[in-house]
Amino acid sequence: LALARKAARYVELANLPVPERILHGLFLSVDPAAIFSGDALRHIDVEATRTLMRAIFDAPTHAGKVQRMMHFDLRVILADGDLRKVGRMCDLAGVRVKYPFLEEGLAEFSARIPEDVLLEGGQLRSFYKQAMHGFLPAETLTKSKHGFGLPYFDFVTSYGPLRDLACDTLTKLKERAYFRPDFLDQLVTRLRGSSALPLDSVAWDLLVLELWLQSRG
């Protein structure tokens, strides 16, 4: 069953156009009316995210698909996501962080590399691996790619006080009338029952949202 779900998920994502496929998630795949309250929906442009993503992706009008994906990655995934998180956390820890691969000259150079060179033989990161040969250790260049997402669900379900905090905070969020109560109840029920969510980070995101709103008074 797990394999069948993964296969169905793969087919679902493969049928989505780029760039929607890159940032596919709960708020882009589920009917907003099943998540947000009617009052909230009246103030939300549900197509705004897709419109912005498409505009960014299509901005380099004379670039190929790979280069547009790289441009989208720089503008959205890195600039609006990963770099903000890394920068803020390092700043809080008193650590100075640098990004040598994002130096302006190198970034401009990479944008001019032809796609058939970047993906020689259809292999991802082939240009990078060849460029780093003899500089980085072989085990670094040959290791498989893997993500570095936080195991939110493991944190919540393995530590009772954190699970109680998550469930209580999600329940508290119902008072703000942004989200449908039954949607929040579903998240709480699954957390209480130790049933892994397909997108378990959503519950964590909403937990952080409510705590942030509380901190703002």
Query raised in the report: Distance in nm between label sites at His24 and Lys129, each 7 Å beyond Cα in the beta-carbon direction?
Result: 2.5
Report task. Treating each Cα of segment 38-78 as an identical point scatterer and ignoring solvent, apply the Debye formula and state log10 I(q)/I(0) at q = 0.20, 0.22, 0.31 Å⁻¹. Result -> -0.62, -0.68, -1.02
Requested in this report: May I ask for the percentage of alpha-carbon pairs in the chain that lie more than 23 Å from each other?
Outcome: 63
Report summary line: Heavy-atom accessible area of segment 133-204 with neighbours in place, 1.4 angstrom probe: carbon+sulfur share in percent works out to 57
Query raised in the report: Residue-wise, which Karplus ³J(HN,Hα) couplings in Hz belong to segment 118-126, taking 6.51 cos²θ - 1.76 cosθ + 1.60, θ = phi - 60°, and x for glycine or proline?
Result: 4, 10, 4, x, x, 8, 5, 6, 5
Report summary line: Net charge (Lys, Arg +1; Asp, Glu -1) of residues whose beta-carbon lies under 14 Å from that of Gly121, Gly121 excluded, is -1
Report summary line: By the Cα gyration tensor axes a ≥ b ≥ c (a/c under 1.5 gives rounded; else a/b larger than b/c gives prolate, otherwise oblate), the shape of segment 46-101 is oblate
Query raised in the report: What are the ³J(HN,Hα) values, in whole Hz, obtained from phi via the Karplus relation 6.51 cos²θ - 1.76 cosθ + 1.60 with θ = phi - 60°, for each residue of segment 27-42 in sequence order, with x given for Gly and Pro?
Result: 6, 10, 10, 10, 3, x, 5, 8, 10, 9, 6, x, 4, 5, 4, 5
Query - Rounded percent of accessible protein surface that carbon and sulfur make up, segment 28-127, 1.4 Å probe - result: 59
Query raised in the report: Check Phe179: other-chain or 5+ apart residues with amide H under 5 Å from its amide H, H built from backbone geometry?
Result: Ser37
Query raised in the report: Karplus couplings for segment 64-75 from phi (6.51 cos²θ - 1.76 cosθ + 1.60, θ = phi - 60°), rounded to Hz, Gly and Pro as x?
Result: x, 5, 5, 5, 5, 5, 5, 4, 4, 4, 5, 6
**Report entry** Order by protection proxy (mean Cβ within 10 Å, highest first), peptides 43-49, 27-33, 167-173
**Finding:** 167-173, 27-33, 43-49
Requested in this report: Could you work out how far helix 181-192 tilts from the main Cα principal axis of the chain, as a 0 to 90 degree angle to the nearest 10?
Outcome: 80
Report summary line: Share of Cα-Cα pairs in segment 139-217 beyond 13 Å, whole percent, is 68
Query raised in the report: What accessible area per residue comes out for segment 138-195, rounded to a whole number of Å², with a 1.4 Å probe?
Result: 66
Query raised in the report: Which value at 222 nm does the chain reach when only helices count, each DSSP H run of 4 or more adding -39,500 (n - 2.57), with the total divided by all residues and rounded to the nearest 500 deg cm²/dmol?
Result: -15500 deg cm²/dmol
Query raised in the report: Between Pro114, Pro60, Pro161, which gets the highest mean-square fluctuation from a Gaussian network model of the chain, Cα cutoff 10 Å?
Result: Pro161
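The values are calculated or read from the model by the stated rules, or taken from the named source; none is laboratory data. Since the model is a prediction, treat every value here as computed from it, not as a measurement. Every residue, glycine among them, receives a Cβ derived from its backbone with ideal geometry; neighbour counts consider all protein chains shown. We work out accessible area using only protein heavy atoms, side chains counted, and drop any ligands, DNA or RNA first. Shrake-Rupley method; radii C 1.70, N 1.55, O 1.52, S 1.80 Å.
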